[in-house]
Amino acid sequence: QVQLVESGGGLAQTGGSLRLSCGGSAITLSNYVMGWFRQAPGEEREFVAGIWRGGASYYGDSVQGRFTISRETAKNIIHLQMNSLKPEDTAVYYCAAGPISTRRATDFPSWGQGTQVTVSS
């Protein structure tokens with residue numbers, strides 16, 4: 001049973017920071033492409049960040065330069081450091097695991113339950 005669980009969401013002010021974490025059970029995260037996606041009410045799920053098995057990362061245009069994805073391999077955890085937060089970043093953030101490096105949610109078969117991030121003005 002593959003399980004991904006996100007944590008670290010909450011409330012931040014514009015310009016503030018949050019760090020999200022994703023832990024895996026029955027899965028070694030370093031063996032997969034890992035992605036972060038977000039979804040606001042009434043909107044499509046949006047790609048945020050991905051990290052390849054080799055450790056290189058890639059980002060959606062809206063978060064480039066502000067967010068950083070990383071692996072903490074020994075703890076089997078993926079992080080998303082979010083800096084310079086904007087109200088537009090408000091969404092439920094999901095951790096996902098998949099076999100290839102893409103920006104498409106449909107390419108990731110395994111998902112966490114999501115964690116809410118709210119950024120106020």
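The values are calculated or read from the model by the stated rules, or taken from the named source; none is laboratory data. These figures come from a predicted structure and were not determined experimentally. Positions of Cβ are backbone-derived with ideal geometry, glycine not excepted, and every protein chain shown enters the neighbour counts. Accessible surface areas use protein heavy atoms only, side chains included; no ligands, DNA or RNA. Shrake-Rupley method; radii C 1.70, N 1.55, O 1.52, S 1.80 Å.
Numbers below:
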| quantity | calculated |
| --- | --- |
| Distant-in-sequence amide H partners of ILE77 (H built 1.01 Å from N, under 5 Å) | GLU72 |
| With every protein chain in place, the chain: carbon and sulfur % of accessible area (1.4 Å) | 48 percent |
| Computed over region 69-121, Cα set: Rg, Dmax in Å | 12.9, 38 |
| Net charge dipole size for the chain [Lys, Arg +1 and Asp, Glu -1 on Cβ; Debye, nearest 20] | 300 debye |
| Per DSSP, loop GluC sites (Glu not before Pro) in region 1-66 with at most 16 further Cβ within 10 Å | GLU43, GLU44 |
| Added length on full extension, which subtracts the Cα-Cα distance from 0.36 nm per residue, ALA56 to LEU11 | 13.3 nm |
| Dimensions in Å of region 14-75 - Rg and Dmax from alpha carbons | 12.8, 37 |
| Relative contact order (%) - criterion: Cα under 8 Å, at least six apart; region: the chain | 36 percent |
| For the chain, radius of gyration divided by Kirkwood radius, i.e. Rg to Rh on alpha-carbons | 0.94 |
| Signed unit charges on C-beta, dipole axis of the chain, positive-most listed residue TYR93, GLN39, LEU20 | LEU20 |
| Region 54-103, relative contact order [Cα under 8 Å, separation at least 6], % | 26 percent |
| 3J(HN,Hα) from dihedral phi, region 109-121, Karplus parametrisation 6.51/-1.76/1.60, rounded to Hz, x for glycine, proline | x, 10, 9, x, 7, x, 9, 7, 10, 10, 10, 9, 7 |
| Per residue value of the accessible surface for the chain (all protein chains in place, 1.4 Å probe), Å² | 50 Å² |
